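Have a look at the structure below before the remarks.
Since every read-out is calculated from the coordinates, none of them should be taken as a lab result. The structure displayed is predicted, hence computed values, not measured ones. Cβ: placed from backbone, ideal geometry, glycine included. Neighbour counts: every protein chain shown.
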Amino acid sequence: MGRIHRLTDELANQIAAGEVVERPSSVVKELVENALDAGATRVVVDVEQGGTTLVRVCDDGEGMTPDDAVLCLERHATSKISRFTDLADLGTFGFRGEALPSIASVSRLTLRTRPRGSNEGVDVVVEGGGKPAISPSGGAVGTTIEVRDLFFNVPARRKFLKATATESAHVSDVLLGMALARYDVTFVLTRDGRPVREHLRVASRADRARGVMSSDGTSLVECRAERGAIRIEAMLAPPERARAGATGLSILVNGRPVRDRQLVRAVSQAYGSVLEAGRYPLGVVWIDVPPEVVDVNVHPQKAEVRFSDARGLFDAITRELHASLAHAFGLPSLGAHPQAPIARMPVTTLRAMDGAAREAIAAVRAVADAERALFPETNLFAGERREEQGTESAEQRIRDSEFGGGYSALRYVGQIRGTFLVCEGDDGMYVLDQHAAAERVTFERLKKSYAMRGVAMQRMLVPEVVELTPSDVALLEENAEEVSRLGVEVRAVGDSAVAVHGVPDLLVRAEPQRLVRDLVAEVSRTAGRPFRGAVDLVLATMACHGSIRAGDAISAAEVTALLRALDEVDFAGHCPHGRPLVMRMTFSELERKVGR
Ligand SMILES: Nc1ncnc2c1ncn2[C@@H]1O[C@H](COP(=O)(O)OP(=O)(O)O)[C@@H](O)[C@H]1O
Ligand SMILES: [Mg+2]
């Protein structure tokens, strides 16, 4: 007897379900995509308990004949492709014929459908991938699929489902993506019997973007561009709305919502140096390319894409969007190499500065250029824009020991470009990034306070309401305890806003809006991992807000206080985000540079 045997269909489907069905929102995604593929103009999604007990998707599409209604639950049964070459110009979301049998194998599924032009409808019921029970039914033209008790027969998977609020939030996100994909379709979402979203069909992508972004929608700038066969359409918010995570940026390629870090980067870089490192814009970008240059086949959930000329595409996106954004928001121009980590100071800024400051900057810049040529690792001024964190080389560090009397021994000379503090030490000239320095101090103080008994909170007289996505609200609720230890008190107001009742007292000058949005972004990045490990990052991001920013005026007394405070903190010569905060040029270097 051989030992090899074929997997039963049931088992094969359950294994496929592991790929296709991660959580209730994946069921919503597959069912809504099928509805759209069937030509629906109205799709109603009902979920109960975050979709864990029920997901129901009802459409007014073309429906299925009774035979098809049974066949569609079999593996690799699809009406969408019949030969390999069809994949090249796929006009549908689906094509694998895997979703329905996979979902049916891990739930209790009821399918009710009636095709257009027929009076006969049919109900098909399947429990855990067993034999389908078929019965005639009435009902409107179209299809309704009900998925109950997801993973009821796979306890190990069921255990991994998150709190209802989190699963609900994922469902809302999926629906948002679909709504952005198809402005010409009406989408309705109800949760536990209550309507929570309604996106009526509209006339354009731009209208849909404004609609789904509700209160944020008004400030969106519309961009359209074409380069060769690439078409780009975007609705993007001003740079000050940028967030610390990419959750506020939706990108669609050929009408499919995608999550692609490179694309996110290409869009972010269109803002140039006004976006601090690690911040991402808010908005929607639709990219349309000829189907043959994009492979949507990379992942069964199709969230990733692969392009044949990725570099060319990213460059086109950055430059074309930049052209529109620069005009709308008055952004400085991009450097020659938008992908390069160091952004040069725009020439216009240099011209606008007064003579002395310009010379000082130019001298420092020349030195920086020379040093960079000699030691490519050394990034003076790298703080203007760094992509990755924590990658500094040893040369960049200026250690405690090299500062004879510490920071407080430096003599403050003046501020340049509203950003840099020029100081004189015994051995040379020091240039500090005032924001990075202040941030470092705030960070260390926050850390100390957190370690002691939680960050001290200042209650707000008037709570400030911050609009967030439902998933963000859910996230804050789930992590309420940790969040309050961070000195922030928020309470949900409905499902897409929170009221901020308290902020860390070290950060009273921070804007609650930005603080909360960044907090959410940091917390969501830790999703699945213990929150504890992320505390430093969260505190670092928070510190960024309460601190003096680049461009803020600063008095000599404040500088003295800052220098003294720097001596108190555990100093590594870097701000908490890993940017170097001080640059030194010894007098001997200076003499050499000016040819003495
Ligand atoms: N809502 C629907 N309306 C009409 N037909 C549907 C619907 N959902 C599924 N079908 C049919 O069932 C088939 C199988 O669906 P699915 O398992 O999702 O695979 P795929 O979408 O990859 O073809 C589809 O190809 C389609 O013919
Ligand atoms: Mg499908």
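Taking 0.36 nm per residue of separation and subtracting the Cα-Cα distance, what length does fully extending R491 through I4 add?
Numbers: separation 487, 0.36 × 487 = 175.32 nm, distance 5.74 nm.
Computed gain between R491 and I4 is 169.6 nm.
So what J values fall out for segment 114-119 if you push phi through Karplus, 6.51 cos²θ - 1.76 cosθ + 1.60 with θ = phi - 60°, rounded to Hz, Gly and Pro as x?
9, x, 4, x, 10, 8
What is the diffusion coefficient of segment 9-197 in µm²/s, taking the Kirkwood radius over Cα pairs and the Stokes-Einstein relation at 10 °C with a viscosity of 1.306 mPa s? Don't skip to the end; give the middle numbers.
Values: Rh = 16.5 Å.
Answer, rounded: 96 µm²/s.
With Cβ to Cβ distances under 13 Å as the rule, what net charge do the other residues near S204 carry (K, R +1; D, E -1)? Mind showing how you got there, number by number?
Details: positive: R182, R201, R205, R208, R210, R224; negative: D184, D207, E222, E233.
After counting each charged neighbour, the total is +2.
Work out Dmax and Rg for segment 205-329 from the C-alpha atoms and quote the Rg first, both in angstrom.
Cα radius of gyration and Dmax of segment 205-329 are 13.6, 39 Å respectively.
Whole Å is fine, so just give me how far the alpha carbon centre of segment 222-296 lies from that of segment 141-198.
Measuring centre to centre over Cα atoms gives 25 Å.
In segment 138-238, which chymotrypsin sites (Phe, Trp or Tyr not before Pro) are in a loop and have at most 16 other Cβ atoms within 10 Å, using DSSP for the loop call? Could the numbers behind the result be given before it?
Values: sites: F151, F152, F160, Y183, F187; in loops: F151, F152, F160, Y183.
Those that pass, being in a loop and sparsely packed, are F152, F160.
How many nm separate the modelled label positions at R417 and D536, each set 7 Å beyond the Cα in the direction of the Cβ?
2.9 nm
What list of ³J(HN,Hα) values in whole Hz, one per residue of segment 25-36 in order, does the Karplus curve 6.51 cos²θ - 1.76 cosθ + 1.60 (θ = phi - 60°) give from phi, with Gly and Pro shown as x?
Whole-Hz 3J(HN,Hα) from phi for segment 25-36: 5, 5, 5, 4, 4, 4, 5, 5, 4, 4, 4, 5.
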